[in-house]
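Participant: Got a structure for you, written out below as structure tokens; questions coming shortly.
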Amino acid sequence: MKKNLVYTLSSQGVSIILGILKVLILPFILGIEEFGYWQVYLLYVGYLGILSFGFNDGIMLKYGSLNNNQLPKPLLRSSIQIFFFFQLFIGSLIGVIFLLETNPNKLFAFFFVAINIPIVGLTGVLNYILQSTNQLKKFSILFIIDKVIVIIAILIMWKLNVGNFQMIILFDTVSKAIALFIMMYYCRDLFKGKKVKFNEGYLEFKQSILVGIKVMVSNFLSMLILGYSMFLIERSRGIEEFSVYSFSITTTNLILVFSTALGTVIFPFISRRSEDLNKEIFSIISKLSSFAIIFLYIIYFPIRFIIETFLIEFQAALTYLPFIYLFIFSQSKMQLLINPYYKRLREETEMLYANLKVFIVSFLLVSVTFIIYKSILIVVVCIALSMFLRLILSELYLKKKLDIQKNIFSLFDIISILVFLICASQPDVYIGFLLYMLFLTILIIYKKERIISLYKQVTNS
């Protein structure tokens, strides 16, 4: 567990630094309109995982407790080959559908979205296999390769004062392809060697989809709780308004990618532990994640400073940015605690129902408020409330399943969120930052021993 945490934290630290550079440099290079088209591309690429139809989720659920040398390699080789050709077919079909787009800039973005389908699909499968078999050192290295390539290209463009969104999209696609080839070399034992007959491979492919599709649909609905608003604004408002809104969302993703990666450590960790420890480990991770999230909020203040000082075109985001950062608490809790335990307890159906209920609530709230008020701020508040509702429903269910006292939010969670909102809403960003740092300092002084104790408990479990 300790080694996996080191590998994951190191790779995510590098990823966050690269992400910050990308998020903050690209608006300078592209401007508000072209940045918006780049965000359109990212929006649709971000949903390509659903086109795996749960194949990779099924692999993780079926083989999440095995080591690499225990995997049925001939079976996997055949099923992965079938999956890849299936992705090529889907990519070609969707590429034809995208030709209906009349905006030439969006058409360019959509064309490369289609190209990304088989690349993202196969990369996702290999990522899940590395995670499920606890090969997190390889996963951590491969995780940042494409990001390094893209950021180098962006820095060169910035230095030469050239570039447009088409070039960035091209670099992003090429970097993903390069990262995939490197990953295939690392995982070459999944491609070279004996295979089973087509019928057996197809049966494995089909079974993996049947096992994983509930998780995939659940994750898709989870993404749509936020994503629906982005699609709504992208389709109904101008590219500039979408650019500002998506930029604000992107700044939170710098933090969420960190918690998502830690979640990849937690699932194989808990799947290899005795069921008798489920209750104890759940409680420890819940408390540790609350502490960690509060410290992650610190990134809001430098982001706000940069927007106020340098990114004048994006200042409209400041009216709703603090509420967007509320997403971090519920999303991180889901990634670090709820989703790994849904999978560990094989409660994919309940996970699906919880996300479906909350998506319906969010869809109705966002649609009605957007039509009536035309206000992005109100939409953001509705999404934040929906995310908290999902967290509450899921946590209550899992606590009932694990026979844990069913309290919802601790006093610590409530106070921490309120303190952040108060600090983030200060007219002067420096005062807000100093107040929040004071809060964190007090927290460290009074909770240091408790945090260390919880960390030792989970790593020694």
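Participant: Going through the stretch 149-183 one residue at a time, which ones are within 26 Å of the chain's Cα centre (by Cα), of a type in the set (A, V, I, L, M, F, W, C) and open to solvent by 50 Å² or more (accessible area, probe 1.4 Å)?
Facilitator: Ile149, Ile152, Leu155, Met167, Leu170, Phe171, Val174, Ile178, Phe181, Ile182
Participant: Tell me, which helices (runs of 4 or more DSSP H) lie completely within the stretch 320-437 with 2 or more residues that are surrounded by fewer than 21 Cβ atoms within 10 Å (Cβ to Cβ) and basic (Lys, Arg)?
Facilitator: Values: elements: 321-324, 327-333, 339-344, 348-373, 376-402, 411-424.
Filter on the stretch 320-437 gives 376-402.
Participant: For the stretch 201-236: of the residues being of a type in the set (Lys, Arg) and at pLDDT 85 or above, which is most open to solvent (accessible area, probe 1.4 Å)?
Facilitator: In the first step, residues of the stretch 201-236 are kept if they are of a type in the set (Lys, Arg); the result is 206, 214, 235.
Filter again for at pLDDT 85 or above, leaving 206, 214.
Numbers: Lys206: 100, Lys214: 85 Å².
Only one residue fits best here, namely Lys206.
Participant: Mind checking which residues of the stretch 151-190 are closer than 23 Å to Lys106 by Cα and acidic (Asp, Glu)?
Facilitator: Once the filter is applied, which keeps residues that are closer than 23 Å to Lys106 by Cα and acidic (Asp, Glu), the stretch 151-190 yields only Asp172.
Participant: Show the residue pairs meeting these rules: Cβ distance below 9 Å; 6+ apart or different chains; first residue within the stretch 169-181 and closer than 17 Å to Gly121 by Cβ; second residue open to solvent by less than 70 Å² (accessible area, probe 1.4 Å) and among the hydroxyl-bearing types (Ser, Thr, Tyr).
Facilitator: Here the result reads Asp172/Tyr41; Lys176/Thr123; Ala179/Thr123; Leu180/Thr123, each pair linking the stretch 169-181 to a residue that is open to solvent by less than 70 Å² (accessible area, probe 1.4 Å) and among the hydroxyl-bearing types (Ser, Thr, Tyr).
Participant: Filtering the stretch 79-122 down to residues that are polar (S, T, N, Q) and modelled with pLDDT under 90, which residue is surrounded by the most Cβ atoms within 10 Å (Cβ to Cβ)? Before you say what the answer is, go through the steps one by one.
Facilitator: Going residue by residue through the stretch 79-122, those that are polar (S, T, N, Q) are 79, 81, 87, 92, 102-103, 105, 116.
With modelled with pLDDT under 90 added as a condition, the list becomes 102-103.
Working: Thr102: 7, Asn103: 12.
Ranking the qualifying residues of the stretch 79-122, first place goes to Asn103.
Participant: Also, I was wondering about something else. When both residues are 6+ apart or on different chains and their Cβ atoms are under 8 Å apart, which pairs have a first residue that lies in the stretch 156-167 and is within 12 Å of Tyr37 (Cβ to Cβ), and a second that is among the charged types (D, E, K, R) and at pLDDT 80 or above?
Facilitator: From the stretch 156-167, the pairs are Asn164/Glu34; Phe165/Glu34.
Participant: Moving on to the next point. Are there any pairs with C-beta distances below 9 angstrom linking a residue in the stretch 238-254 that is touching a residue at least 24 places away in the same chain (Cβ under 8 Å) and open to solvent by 20 Å² or more (accessible area, probe 1.4 Å) to a residue that is basic (Lys, Arg) and assigned to a helix (DSSP H, G or I), with the two at least 6 apart or on different chains, and if so which?
Facilitator: These pairs meet every condition: Ile239/Lys106; Thr250/Lys22.
Participant: In the stretch 158-168, which residue that is in a helix (DSSP H, G or I) and modelled with pLDDT under 80 is farthest from Ile20 (Cα to Cα)? Steps first, please.
Facilitator: Taking the stretch 158-168 first, the residues in a helix (DSSP H, G or I) are 158-160, 165-168.
Of the ones still in play, those that are also modelled with pLDDT under 80 are 158-160.
On the way: Trp158: 15, Lys159: 17, Leu160: 20 Å.
Looking at the filtered set, the residue picked out is Leu160.
Participant: Residues of the stretch 304-319 being open to solvent by 10 Å² or more (accessible area, probe 1.4 Å) and either touching a Pro at 6+ places or on another chain (Cβ under 9 Å) or not in a helix (DSSP H, G or I) (or both), which ones? Break it down stepwise before answering.
Facilitator: Quick first cut of the stretch 304-319, residues open to solvent by 10 Å² or more (accessible area, probe 1.4 Å) only: 304-306, 308-310, 312-313, 315-316, 318-319.
Selection gives Arg304, Phe310, Glu313.
Participant: Within the stretch 323-345, identify whether any single residue is β-branched (Val, Ile, Thr), closer than 22 Å to Met230 by Cα and within 18 Å of the chain's Cα centre (by Cα), and answer yes or no.
Facilitator: Applying the first criterion (β-branched (Val, Ile, Thr)) to the stretch 323-345 yields 324, 328, 338.
This time we only want the ones that are closer than 22 Å to Met230 by Cα, so: 324, 328.
Retained after the next criterion (residues that are within 18 Å of the chain's Cα centre (by Cα)): 324, 328.
Yes, the conditions are met somewhere in the stretch 323-345.
Participant: Does Ile298 meet the test of being closer than 30 Å to Ile270 by Cα, open to solvent by less than 40 Å² (accessible area, probe 1.4 Å), touching a residue at least 60 places away in the same chain (Cβ under 8 Å) and part of a helix (DSSP H, G or I)? Steps first, please.
Facilitator: Values: closer than 30 Å to Ile270 by Cα: yes; open to solvent by less than 40 Å² (accessible area, probe 1.4 Å): no; touching a residue at least 60 places away in the same chain (Cβ under 8 Å): yes; part of a helix (DSSP H, G or I): yes.
For Ile298, the condition - closer than 30 Å to Ile270 by Cα, open to solvent by less than 40 Å² (accessible area, probe 1.4 Å), touching a residue at least 60 places away in the same chain (Cβ under 8 Å) and part of a helix (DSSP H, G or I) - is not met.
Participant: Restricting the search to the stretch 366-401, which residues are more than 23 Å from the chain's Cα centre (by Cα) and either closer than 22 Å to Ala316 by Cβ or modelled with pLDDT of 90 or more (or both)?
Facilitator: If the condition is that a residue be more than 23 Å from the chain's Cα centre (by Cα) and either closer than 22 Å to Ala316 by Cβ or modelled with pLDDT of 90 or more (or both), then Ser367, Val368, Thr369, Phe370, Ile371, Ile372, Tyr373, Lys374, Ser375, Ile378 are the ones that fit.
The values are calculated or read from the model by the stated rules, or taken from the named source; none is laboratory data. Not measured: the values here are computed from a predicted model. Positions of Cβ are backbone-derived with ideal geometry, glycine not excepted, and every protein chain shown enters the neighbour counts. In case anyone asks, the SASA skips ligands and DNA or RNA and just uses the protein heavy atoms, side chains included. Shrake-Rupley method; radii C 1.70, N 1.55, O 1.52, S 1.80 Å.
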